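See structure below.
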Amino acid sequence: MPPLTGQRYPECSVPTRLPEESRVRDTLNAVIAEALQAAIADGRLPLPEAPAVAVERPRDPSHGDWATNIALVSAKAAGMPPRQVAEIVAAELRERLAEVADAVEIAGPGFINIRLRRGVLADVVSRVRAEGDAHGAGERTGSRVQVEFVSANPVGPMHVGHGRWAALGDSIARILEHAGDDVQREFYVNDAGVQMDIFAASVSARYLELTGREVEFPEDGYRGAYITEIAREILADEGESWADATADAREAHFKEKAYAQVLAHLQHVLHGMGVDFDVWFSERTLHASGDRGAPSAIERGIERLREAGHVFEHEGAVWFRSTAFGDDKDRVLKKADGSYTYFAADVAYHADKYDRGFDLVIDIWGADHHGYVKRMESAVAALGHPGKLEVIIGQLVNLFRNGEVVRMSKRTGEMVTFEDLLDEVGADAARYFFLRRSTDQPLDFDIGLAKQRSADNPVYYVQYAHARICSILRKASGADTADESVDVAAVASRIAADEAALALLGSEPGTLAGEAELGLLRKLAEFPEIVAVAARQRAPHKLTTYAEDLASAFHQFYTHCQVVVDDPQLRSARLALADASRLVLARALGLLGVSAPQRM
RNA sequence: GCGCCCGUAGCUCAGUUGGAUAGAGCGGGAGACUUCUAAUCUCUAGGUCGGGGGUUCGAAUCCCUCCGGGCGUGCCA
């Protein structure tokens, strides 16, 4: 078992800076701002000040590579029709962008569309290939972020929802790391509290049954078959002697045995899907008193709230005045019977997180906990860290098989566990499907579809694009396309495509081949921005959507363009384009925690 | 009752800061393998963005209201 403590994590200190947006976007914004300034300065545009500029990528590729609505935005203030404003700005832009743009056009109600030179578009190929792992990455922000997720009670197997949150938390962590933050993954183990007692009593009852004794199963006990399995293992290991011990001694012993087993199991399943936590934080450590009777972390947490003036006593209980921070009602920390609430432990836990120096804490909770968000935010604010907690609510998963809902019953313990699902569909498909929908949307998971190795299955669609590229590279090396001993990366590194060669890409616009090349170039260029948006919005599903778009652009390219052709220049250019696609596909899949196979 | 999330094509869902003719996959219809993997591609049909008001040059997106669905609303964990 790994260490179960609130262990410290190595200090990280890197200069603070926000992730950089795409270079082209920044440049265009700057140039447009200059153009506006110039037109305002010489009186052609009667504006008091230049409006904020924001270029965007038009949805419709026929509108060019970039567009700005600046004329529409400023028409009113300038007292001119939008198209007239657009004329003035566009004239300026044509001069300033002569080097990089083929055309600056006015369209629709007054949009200015900018069409980049092919050479500028093809630039992305060299950039992707030169930057390697750094491509699409933000500069190090120095921001220390903790993502806490799954945190399933260690009293049974994970359900399918836990699997989704595991995929989500891990992918968000990967994306934030790529965007430049220092990220720590943490699992909070609720190993204190009554559910552990019930758990122990359940195992104890099954153990006694196995020794042939008549026992009444606890009414609120856990009835899953795994309880019996655990009891059986204890029986095999330690024999029947525990049947004669006192119930207290037996349950105390069984609790630790069973807990260790379940925890190891959770770690095993999570590891199996590629999710590894940096810290497993035990709730018990918060309850434990310090040396020579020093107060526990929970007691210290309450003390801190009290010092901040937000604690009061009422009807024998100790309360946190969360209403002072916008909560609906105040919350109990210490019950009238002297025990602490789960919330009190969570206050101590979060205090500990900030003591560890995190600049931002992201908690991923199941939808059934969303009523808890406000009080936790209140507590964090009261502890002096307002705004440094972000709670992401993960919606549930509905399992379907052949269009039918898979029914589960918690009472009888009859359920499809996350491990069952992993065994059936595999880690790649499970992760991909979990991440495909936005977080705040409940997910319908069709087991049949996830297992299907066909065109209907988006995860294979994306992986297949990657495998196809690897196959092309094997062919280009002169080897058999099925020869798995070929080092694809090494082949790729030998491909050299100079500017003249890359300029051939998309040189025949209007043809199927030319459009396919241009489409792929444009899609590749979007990647850094997609990563930045996915990071900012904590939205891995932006990357599944992107990966499918990129795979589609590649498949079209593949269909319409022979890559390994005789003409050495065209061949190297297309190989380089395919290689850049390979790298970006692998990176996108990597951020999702999904493998990028070289053969399928 | 109150709070949060959601409602977009037959189905499952994207839609960035309010932008142009609202997109994709599946499913329906019609096609393409002598090629570097057809796990692919091409064409086609399909919409009152839940309803109604408002804000504005412009609304799926922002505001109000109504309808429908999910979850929450413990001195449980």
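The values are calculated or read from the model by the stated rules, or taken from the named source; none is laboratory data. Everything quoted here is computed from the prediction, not taken from an experiment. Please note: Cβ atoms are built from the backbone with ideal geometry, for glycine as well, and neighbour counts cover all protein chains shown.
Some notes on this structure:
- Members of the stretch A:454-489 found to be more than 9 Å from RNA strand B (Cβ to nearest atom) and without any contact (Cβ under 8 Å) to a residue 24 or more places away in the chain, listed by number: A:SER477, A:GLY478, A:ALA479, A:ASP483, A:SER485, A:VAL486, A:ASP487, A:ALA489
- Within the stretch A:515-569, being over 24 Å from A:ILE172 (Cα atoms) and aromatic (Phe, Trp, Tyr) holds for A:PHE554, A:PHE557, A:TYR558.
- Qualifying positions in the stretch A:469-505 - surrounded by 11 or more Cβ atoms within 10 Å (Cβ to Cβ), assigned to a loop (DSSP other than H, G, I, E, B) and small (Gly, Ala, Ser): A:SER477, A:ALA479, A:ALA497, A:ALA503
- The numbered conditions (1) at pLDDT 95 or above; (2) farther than 23 Å from A:VAL531 by Cβ are all true for A:VAL145 except (2).
- Any hit, the stretch A:64-83, residues being in contact (Cβ under 8 Å) with a residue 60 or more places away in the chain and touching a Leu at 6+ places or on another chain (Cβ under 7 Å): yes
- Sole residue being part of a helix (DSSP H, G or I), of a type in the set (D, E, K, R), free of Cβ contacts under 8 Å to residues at least 60 places away in the same chain and buried (at least 19 other Cβ atoms within 10 Å of the Cβ), chosen from A:ARG129, A:ARG206: A:ARG206
- Matching entry among A:ARG321, A:ARG292, A:ARG304, A:ARG300 (being surrounded by fewer than 12 Cβ atoms within 10 Å (Cβ to Cβ) and out of contact with any Ser or Thr (no Cβ under 6 Å at 6 or more places or on another chain)): A:ARG292
- Pick from the stretch A:427-446, criterion among the aliphatic types (A, V, I, L, M) and either surrounded by 21 or more Cβ atoms within 10 Å (Cβ to Cβ) or closer than 12 Å to A:HIS541 by Cβ (or both), ranking: nearest to RNA strand B (Cβ to nearest atom): A:LEU443
- Unmet requirement for A:GLU95, which otherwise passes all of (1) buried (at least 18 other Cβ atoms within 10 Å of the Cβ); (2) in the same structural domain as A:ASP65 (by TED's automatic domain parsing): (1)
- Flag: A:ALA67 does not match the condition of being within 12 Å of RNA strand B (Cβ to nearest atom) and farther than 22 Å from A:ASP26 by Cβ.
- First in the stretch A:191-202 and touching a residue at least 24 places away in the same chain (Cβ under 8 Å) and of a type outside the set (A, V, I, L, M), second anywhere and in a loop (DSSP other than H, G, I, E, B) and within 7 Å of RNA strand B (Cβ to nearest atom), Cβ under 6 Å, 6 or more apart: A:GLN195/A:ASN153
- Scanning the stretch A:551-570 for residues that are near RNA strand B (Cβ under 7 Å from one of its atoms) and part of a loop (DSSP other than H, G, I, E, B) gives A:CYS561, A:GLN562, A:VAL563, A:VAL564.
Quick grid of which residues meet (1) exposed (fewer than 14 other Cβ atoms within 10 Å of the Cβ); (2) at pLDDT 95 or above; (3) under 23 Å from A:GLN441 (Cα atoms):
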{"site": "A:ASP352", "(1), (2), (3)": "no, yes, no"}
{"site": "A:LYS388", "(1), (2), (3)": "no, no, no"}
{"site": "A:ASN402", "(1), (2), (3)": "yes, no, yes"}
{"site": "A:LEU422", "(1), (2), (3)": "no, no, yes"}
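- Count of residues meeting criterion [within 19 Å of A:PRO295 (Cα to Cα) and either among the hydroxyl-bearing types (Ser, Thr, Tyr) or near RNA strand B (Cβ under 9 Å from one of its atoms) (or both)] in the stretch A:319-331: 1
- Test: residue in the stretch A:574-597 that is farther than 25 Å from A:VAL486 by Cβ, assigned to a helix (DSSP H, G or I) and within 13 Å of RNA strand B (Cβ to nearest atom): no
- In the stretch A:234-257, residue farthest from A:GLU209 (Cα to Cα) [restricted to those that are acidic (Asp, Glu) and part of a helix (DSSP H, G or I)]: A:GLU256
- Just one residue in the set A:ARG494, A:ARG538 is over 20 Å from A:ASP65 (Cβ atoms) and within 13 Å of RNA strand B (Cβ to nearest atom); that residue is A:ARG538.
- In the set (1) more than 22 Å from the chain's Cα centre (by Cα); (2) more than 16 Å from RNA strand B (Cβ to nearest atom); (3) not hydrophobic (A, V, I, L, M, F, W, C), the condition left unmet by A:SER339 is number (2).
- Qualifying residue in the stretch A:273-291 (condition: within 24 Å of the chain's Cα centre (by Cα) and within 20 Å of A:ALA379 (Cα to Cα)): yes
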